[in-house]
Structures are given as C-alpha cells and as structure tokens.
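The structure appears below as structure tokens.
The numbers here are math on the coordinates, done by the rules we state, and not lab data. Keep in mind that this is a model prediction, so the values were computed, not measured. FYI the Cβ positions are ideal-geometry reconstructions off the backbone, even for glycines, and counts take in every protein chain you see.
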Amino acid sequence: MPVPSAGAPVSPEQVTLRLLTAADAPALLDLELRNREALLVGAPAREEAWFTEEGQRAALAHGIAEREAGRSLGLGIWLEEAAGSSAGTEGTARLVGRMTLAGITRGAFQSASLGYWVDAEVAGRGIATHASRAAIAVAFGGLGLHRLQAEVQVGNDASARVLEKCGFAEYGLAPDYLRLGDDWADCRLFQLVDSRWLPTDPALAPPAGELVIAAEVPSLGEMLELYSAVGWSAYTEDPATLERSVLGSEHVVTARRDGELLGMARVVGDGATLAYLQDVLVRPDAHRTGIGRSLVEAAFAPFAAVRQKVLLTDAEPSQRAFYESLGFVEAHDHDPGLRAFVRLR
C-alpha cells in the first residue's frame, strides 16, 4: 500500500478525470515505473512488456476499444498544484493515477466495477476520494448506471476508507477473489446504488418501429454522426472534448428507433440546486415528431425537485416557441425580472 506523503490535502478543484488516449503513454509509463514496487502487492501481476512505452500504447489501444464497445471506461487522474510545488508551474496538471469503470453491464443489471490507484508520491492527500466522487458522477450521470461495486484487498484499510467516504457500503467478504501480485487475495466487497436511477432500459426488445427513450451515453461515432447531422461543427472538430463533456454530464438520454440514434439530450449541474439543459439534438429527418419534447422531459426527470432549470440556445423563433411550450420563460420576460449573461470564446 502506498505510504502517505507529507503534502497538504488538495481541493476537489485540483483533481480532474480525463479519458486516456495514446498520447498519454509516456506519462503512464513513468507513473507505472515509479510505483512498480507499491503495485507488486495490490495490483495484477504484469509482464515485463507492460513496463515499456510500446506496452502502454498496446494497453491504451485495448482500453479505447473496450470504451467504444461500451464495456469499460479508462480514465487518468490529473492533479493541478500551485507554482513552487512538486507539480511544477501553476496551471499545469500532471498524471497521478488511474481510475477505471470496468465490466459495464446493461440490461437488468446497469452496473460497473470501480477501480483506482494513486501515485505513492501524492497518496494520503484526498486525491483518491475526490477522483472517486468524480467517477461516481460519471457513472450515475453520463453513463446512466444504477450501481457501482468495488473490491478492496483485506488489509488495504486506506482504500476502504476512500469508498466509505464516498458513500459505499460493505456487503460481503470474498475469499480468493482477485489474483493480485503472485497470489489470490481475499477481498472486501462494497457497493453504491444510485437512488435517482430510473429503469428506462426496456427489459425486452421493443416492437419494431417503436420509439425508445433511454438513459445512456451513445458511442463516440454515433454522437459525431448526430452532431454533424444538425450542423454543430464546433463539437465535431474536437471529438475527444465532445466525448469528455458528454461523459461528465449529470444525465444523458437518447431517442432510438430500431436501434438507430435519432436524438439525444444532456443535463449538467450539481444534482441538487441547478440543472442546465446543455444540448438537445434531433436528426433533421425526425423533426416535428415529438422526439425533442420527449428528450427534454426524460433529461429533466431525475431533477423534479431542482428549483433552477436553465438553458442557452440560438435566438430563433422556432426555438423560443419550442421551449416556451415546455414551460421555459426568457430571462428578460421573467417576473421578477432576471438577466442572463454569457461569455463565449
């Protein structure tokens, strides 16, 4: 288990999760090499090829394929510290750990397994807790999952405390559960269930031609096709940022017919006081069929108790008519009066 460092605790704003890409191979290799001894006990045994840049690139390629197939989500944990710290100059973030949502299972289960580790150099500063909370937001927000599970090797009390701080409950002990290092390890089992989850995924395949509104994150390829179809090129020019923004959303819903993606909507916010409707997209050939209204209603469904629901959209008469029909009021028409501000680059 990593020895806690003497550094000061970090704030949540200093810790971010990012999708891992092939460009991260050198930083991942450095991280793995520096923590190789610490991971000999608490991580799966690795072949020597793992500790090469080529090995890390191969692992990243596999992870990206798993992500695109909807089976796993590999994330890097990044830390930003002020000038004068070991991180370097102010505003520069460095990779300090890995976070994985693995074994994503849909259907009746809607679950995934949460795994993480943090660089021994910065352990004990709250980074794992902040990163785990961010991953939970992705799992229950963008991915629309119902349950997360996590396994902790018996004796790794620090990791168990991270899960408990994040609301996980221990529910069992599994002997010889995971092969860690050179032996099979007994593990404590934890789980976290999202009480807001709505069972929108149909248990059986819907009848042919039926519109299905469901909580899910489409594949990146599907999203690029949809955003291109509606002409939102500012999103498609940077696919990695688009994917990261959707995965970081509080709630994402889609509209499909016979498996084909016709539209999607997403909400960002804090889950308690603010729900911001960021995108509502419907393929042009499916306009004026009620899909947009259904998407907005489904996107806001988990936030019935949230007082402030807002959005920013183009100044087109059709947009105003659509959102007013859903109960929205332009800021300058609200009573008492409100002002809306925006700064775009």
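GNM on the chain, alpha-carbon springs under 10 angstrom: the most fluctuating residue among G76, G142, G172 is G172.
By average Cβ neighbour count within 10 Å, what is the ranking of 298-305, 47-54 from highest down?
Working: 298-305: 17.9, 47-54: 11.6.
Peptide ranking by packing, descending: 298-305, 47-54.
Taking label positions 7 Å along the Cα-Cβ direction at both A102 and V154, the computed distance is 2.1 nm, reported to one decimal. For region 122-172, the Kirkwood hydrodynamic radius from C-alpha pairs, put into Stokes-Einstein at 10 °C and a viscosity of 1.306 mPa s, yields a diffusion coefficient of 135 µm² per second.
Per residue, the average separation of C-alpha pairs within less than 8 Å and at least 6 apart gives the chain a relative contact order of 13 percent.
Mind grabbing the base-10 log of I(q)/I(0) for region 211-333 at q = 0.14 Å⁻¹? Debye formula, identical points on the C-alpha positions, no solvent, two decimal places. The Debye formula, applied to the Cα set alone, gives -0.59. Annotation: amide H of D186 within the under-5 Å range of V154, D176, Y177, sequence separation 5 or more or interchain, hydrogens built in the peptide plane.
Prolate is the label for region 130-261, because a/c, from the alpha-carbon gyration tensor with a ≥ b ≥ c as root eigenvalues, is 1.5 or above and a/b exceeds b/c. Averaging the sequence gap over all C-alpha pairs within less than 8 Å and six or more residues apart, then dividing by the number of residues, gives region 12-193 a relative contact order of 20 percent.
In a fully extended conformation the segment linking A23 and H62 would gain 12.6 nm over its present Cα-Cα distance, using 0.36 nm per residue.
Could you give the length gained by full extension between F51 and E330, i.e. 0.36 nm per residue of separation minus their alpha carbon distance, to one decimal place? Write out the running numbers ahead of the final one.
On the way: separation 279, 0.36 × 279 = 100.44 nm, distance 5.63 nm.
Extra length from F51 to E330 when fully extended: 94.8 nm.
In units of the compact-protein estimate 2.2 N^0.38 Å, region 12-193 shows a Cα radius of gyration of 1.01. Note on region 153-167 and region 277-306: Cα centroid distance 39 Å, given to the nearest whole angstrom. Annotation: amide H-H contacts under 5 Å for H251 (H modelled 1.01 Å from N, sequence separation of 5 or more, or interchain): V267. Normalising the Debye intensity of the chain to I(0), with uniform scatterers on Cα atoms only, and taking log10 at q = 0.08, 0.09, 0.15 Å⁻¹ returns -0.44, -0.56, -1.36.
Computed per residue of the chain from DSSP H runs no shorter than four, each worth -39500 (n - 2.57), the mean residue ellipticity at 222 nm is -8500 deg cm²/dmol.
Which whole-number percent is the relative contact order of region 10-74 (Cα, under 8 Å, 6+ apart)?
Numbers: 33 pairs, mean separation 25.1, N = 65.
Relative contact order, region 10-74: 39 percent.
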